[in-house]
Amino acid sequence: MQSSACPPGNVTKRNGRNVASVKDNKQLDAEEAQHLGEHPLSPPADEFDVIVVGAGWAGLYAIYELRRRGHSVYGFEAGAGVGGAWYHNRYPGARCDVESLEYSFSFDEGLQQEWHWTETYARQPEIRAYMNHVANRFELRRSIQLNTFVKSAVWDEEADRWTVTASTGDVVRARYVLLGVGGLSTILKPQIPGYDSFAGQIYFTANWPSEPVDFTGKRVGVIGTGSSGVQSIPVIAETAKHLTVFQRTPNYVMPSASAPMDPDYEAEWKAHYAEKRAFARHQSSNGINQPVIQRKTMDTPPEERERIYQELWDRGGLWILRSFSDILTDPEANKQAGAFVERKIADIVKDPKTAQLLTPKGYYFATKRLCTGTGYYETFNRDNVSLVDVGRDTGGIHRIEPGGIVTDEGLTELDIIVFATGFDAVTGSFTAIDIHGVGGRTLKDHWKDGAKTYLGMFAAGFPNLFLIGAPGNPGSVGNAVVALEMNIEWIAQLLDKVRAEGARRLEAEPAAEESWSEHVSELGWKTLYPTNPNSWYVGANVPGKKRQFLPYVGGFSRYDKEISEVAARGYEGISID
Ligand code: NA7
């Protein structure tokens, strides 16, 4: 293992100063290829203490932490490299909406001191480079088999073990399985008639090639205006001959306002990392060092309100959510914030009809995941960009033909179609694995009338199985890295106890799962989030999926307190035998 004195992969010395280099995906592929030999091609044993599925944030940390505590751990990763969502989502403009100094691991002081982020909000290649660095620095690659999709996990009642079968034909047994499969990794491919007939090229933002895609002189269509569409549209517009955006639901888009990292800001963070990490976990509402605001919207005079919104708009990212305490609970307060952004859209977008189309309607501000973008609204002022409404009250996208996309407006001729159509979020990557628990019951079946978990980590009837980023967890409404670090540490401590007691099996009690799920739902309904029937938070983007508000929105500090109290009460709600 490297000592913390060694420079990380992204820092070199120039004129005596540390200078960070930002590589593109092609360079990162080449760099990662040098380490491919470290990855096993098949499991070195038939049996392990823990199988970890996925080598994104959760998988990397789980392998590190569980191995450190003396468990034999083996990981399977479907991709050809580590990084999970940040490996696959290489689309132009991809960037994190949480500040880089926060959206990073806290578990190792040397790691957080040595890594240098070049921008306040990191772009995808820099996050991928960081995750590669983590895999190298902690020698995690030797425990990760790449290019291997876990097909099934079957609980063996007699042996208290899981049998895990992979796409490679490998079959291994393990006492525990930890699913770090990611809430945003199962790509949604809309069933649009004629899809296969398209004569041009099709790309998915969530599975973007390493080679840069050349849009020069091309007629490009982007379907989808969630975060991926919003980030890629301005970049594609710069070189495309013409870009047509097919919008089903307009989103509220905040300016990303990313900036080059200020050395003083970075130094201040690095000097106080311990306090900042503790705040994110124990005191914040969203896993981020943003103050918990007490002031209420309607108690604040209109001019002062406007000043606050403007200040936070200028600050960029998701800061506007910290304007007032009631922004997501009081309809009137929410409308004020929404109206501020709607005025911005009207100011920025010159064509009134386009501005009108881009203005969200019929749902409360930020109840669909708020987007951050760079020059998003401004892009619609370009001569080479047009917007086509494929909203639910239009005929939507009728079909794809060899020459392009047909909507109510007729045929839009295209050379390239980019699908920025999202994911079967939160549950999709768990149910993509054929998981059979007690009595052979599948997780899919267990969740068919609505997904439920205990503490966002366990499913009743699925012993010794850990879910990271699952329904009932706060990760998807805040800093996911903080949430998964909390979860993995909590699970690691539980396993220490189970091992010390010589127990073999732990399982969430059905009543505990029921009451946690009710609690999650109640917390949700105290906010405006569930009123929006049309977001991935409620599974609305997946045809036939049960509509249900999935994330835990009680706040990170409350979640931390609740799971800590469960542990302090002897892991109440979990039977340990
Ligand atoms: P999102 O946020 O789920 O966005 C997907 C977009 O694609 C959204 O605008 C959808 O419209 C649209 N969509 C999906 N299917 C269709 C069809 N059939 N026709 C037209 N438009 C369609 O995914 P992203 O990848 O952008 O972002 C996911 C998360 O990653 C994001 O929230 C951040 O947390 C990071 P809809 O809104 O459903 O009407």
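All of the numbers you see were taken from the coordinates with simple rules; none came from a lab. None of the values given here were measured: they were computed from a predicted structure. Positions of Cβ are generated from backbone atoms using ideal geometry, with glycine treated the same way; all protein chains shown enter the neighbour counts.
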Would you kindly state how much longer the chain becomes between GLU562 and GLU311 on full extension, computed as 0.36 nm times their sequence separation minus their alpha carbon distance, in nm to one decimal?
87.0 nm
Just grab the label-to-label distance for ASN207 and MET298, each label 7 Å out from Cα along the Cβ direction, in nm (one decimal).
4.9 nm
Hey, rough spin-label estimate for GLU413 and SER325, points 7 angstrom out along Cα→Cβ, what's it come to in nanometres?
6.0 nm
Violations at 21 Å Cα threshold for listed pairs LYS26/LYS270; LYS452/LYS545; LYS189/LYS545; LYS276/LYS368; LYS444/LYS546; LYS151/LYS448 -> LYS26/LYS270; LYS276/LYS368
About the Cα centre, and with charges only on the beta carbon of Lys, Arg (+1) and Asp, Glu (-1), how big is the dipole of the chain? Nearest 20 debye, please.
420 debye
Over all alpha-carbon pairs of region 92-219, lay out the pair-distance distribution in 5 Å bins, whole %, shortest bin first.
2, 7, 11, 14, 14, 15, 14, 11, 7, 3, 1, 0, 0
May I ask you to compute the full-extension gain from ALA500 to GLU238, defined as 0.36 nm times their residue separation minus their alpha-carbon distance, rounded to one decimal in nm?
88.3 nm
State log₁₀ I(q)/I(0) for region 37-118 at q = 0.10 Å⁻¹ as given by the Debye formula over alpha-carbon point scatterers of equal weight, solvent excluded.
-0.32
Per the charge dipole of region 185-320 (beta-carbon charges, Lys/Arg positive, Asp/Glu negative, Cα centre), the residue among ALA271, GLN231, PRO291 reaching farthest to the positive end is GLN231
Check ASN381: other-chain or 5+ apart residues with amide H under 5 Å from its amide H, H built from backbone geometry?
none
State, to one decimal in nm, how far the label point of GLN27 lies from the label point of ALA45, with both points 7 Å from Cα in the Cβ direction.
4.0 nm
What Kirkwood radius, in Å to one decimal, follows from the Cα pairs of region 171-283?
18.8 Å
Can you tell which of LEU523, LEU455, SER557 lies farthest toward the positive end of the dipole of region 449-577, using +1 and -1 charges on the Cβ of basic and acidic side chains (Lys, Arg; Asp, Glu)?
LEU523
Which residue, PRO44, VAL171, ALA259, has the largest displacement toward the positive end of the dipole of the chain when charges sit on each Cβ (Lys, Arg +1; Asp, Glu -1)?
ALA259
When ranked by the protection proxy of mean other Cβ atoms within 10 Å per residue, highest first, what sequence do the peptides 479-488, 130-139 form?
479-488, 130-139
Below 20 Å, Cα to Cα, which lysines can LYS497 reach? Residues fewer than 8 away in the same chain don't count.
LYS561
Whole-Hz ³J(HN,Hα) from phi, Karplus 6.51 cos²θ - 1.76 cosθ + 1.60, for region 71-83, glycine and proline x:
8, 7, 10, 9, x, 10, 10, 5, x, 8, x, 8, x
Between region 27-49 and region 131-162, what is the C-alpha centre distance in whole Å?
11 Å
Using only the alpha carbon atoms of region 357-486, find the Kirkwood hydrodynamic radius as the inverse mean reciprocal pair distance, in angstroms to one decimal.
18.8 Å
How big is the chain along each principal axis, measuring the range of its Cα positions in Å and listing the largest first?
69, 59, 55
Nearest 10, in degrees from 0 to 90: the angle of helix 480-501 to the longest Cα principal axis of the chain is 10 degrees
Under 5 Å between amide H atoms, partner at least 5 residues away or on a different chain: which partners does THR244 have, H built in plane at 1.01 Å?
VAL220, GLY221, VAL222, SER386
Can you list the lysines whose alpha carbon is less than 18 Å from that of LYS218, not counting same-chain residues fewer than 8 positions off?
LYS241
Per DSSP H run of at least 4 residues, take -39500 (n - 2.57); add these up for the chain, divide by its residues and hand me the 222 nm value, nearest 500 deg cm²/dmol.
-9500 deg cm²/dmol
State whether region 90-144 is rounded, prolate or oblate according to the following rule on the C-alpha gyration tensor (a ≥ b ≥ c being the square roots of its eigenvalues): a/c under 1.5 gives rounded; otherwise a/b larger than b/c gives prolate, and the remaining case gives oblate.
oblate
With x for Gly and Pro, the residue-by-residue ³J(HN,Hα) of region 218-228, computed from phi through the Karplus equation 6.51 cos²θ - 1.76 cosθ + 1.60 at θ = phi - 60° and given in whole Hz, is 9, 8, 10, x, 10, 9, x, 10, x, 3, 5
How large is ³J(HN,Hα), in whole Hz, for each residue of region 568-577 in order, when computed from phi with the Karplus curve 6.51 cos²θ - 1.76 cosθ + 1.60 and θ = phi - 60°, using x for Gly and Pro?
5, 8, x, 6, 3, x, 10, 8, 10, 10
List the residues, sorted by chain then number, that are 5 or more residues from TYR454 or on another chain and whose placed amide H is less than 5 Å from its amide H.
ALA459, ALA460
In Å, the Kirkwood hydrodynamic radius from C-alpha pairs for region 281-419 sits at 17.5 Å
